[in-house]
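Below is one structure; the comments refer to it alone.
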Amino acid sequence: MVWLHGWAAKATESIHWLIYGGGFYGFFKMKSWMFPWAAIYVAQVAIAMFLWPILNDGGSVGGGIVAGAVFVLLGIALWLAKDDFRH
């Protein structure tokens, strides 16, 4: 896997902020294009929250299950909120 560290991370920081700024705007205005992307983003966060402790804390699964489950529930809630994203 490729991880950005040091100057590479700093150089791409503005891209990260643009993506989060767009997401904030989409949620604030409840834009229709936020429907699939918010749920998909939260799903990948759930996977990352589950895998991070396993890959970086010597195989601890318990914390990853709890953290991942919280984001799975949030992802489900976002998916079911399709009708709220209409503008």
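The values are calculated or read from the model by the stated rules, or taken from the named source; none is laboratory data. On a predicted model such as this, the values are computed, not experimentally measured, just so you know. Cβ placement follows ideal geometry from the backbone for every residue including glycine, while neighbour counts extend to all protein chains displayed.
Count, please, the residues in region 44-84 that happen to be of a type in the set (D, E, K, R) and either touching a Pro at 6+ places or on another chain (Cβ under 8 Å) or free of Cβ contacts under 8 Å to residues at least 24 places away in the same chain (or both). If you could, list the steps in order and put the result at the bottom.
The first filter runs over region 44-84 and keeps only residues of a type in the set (D, E, K, R), leaving 57, 82-84.
Those left that are additionally either touching a Pro at 6+ places or on another chain (Cβ under 8 Å) or free of Cβ contacts under 8 Å to residues at least 24 places away in the same chain (or both): 57, 83.
So the count comes out to 2.
Just one of the listed residues (Ala39, Ala81, Ala77, Ala46) is over 16 Å from the mean Cα position of the chain (by Cα), modelled with pLDDT of 90 or more and of a type in the set (A, V, I, L, M), and it is Ala81.
Each row is one residue, and each column tells you yes or no for (1) surrounded by 11 or more Cβ atoms within 10 Å (Cβ to Cβ); (2) of a type in the set (Phe, Trp, Tyr); (3) on the phi < 0 side of the Ramachandran plot.
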{"position": "Leu4", "(1), (2), (3)": "yes, no, yes"}
{"position": "Lys10", "(1), (2), (3)": "no, no, yes"}
{"position": "Leu18", "(1), (2), (3)": "no, no, yes"}
{"position": "Gly22", "(1), (2), (3)": "yes, no, yes"}
{"position": "Phe28", "(1), (2), (3)": "no, yes, yes"}
{"position": "Tyr41", "(1), (2), (3)": "yes, yes, yes"}
{"position": "Gly58", "(1), (2), (3)": "no, no, no"}
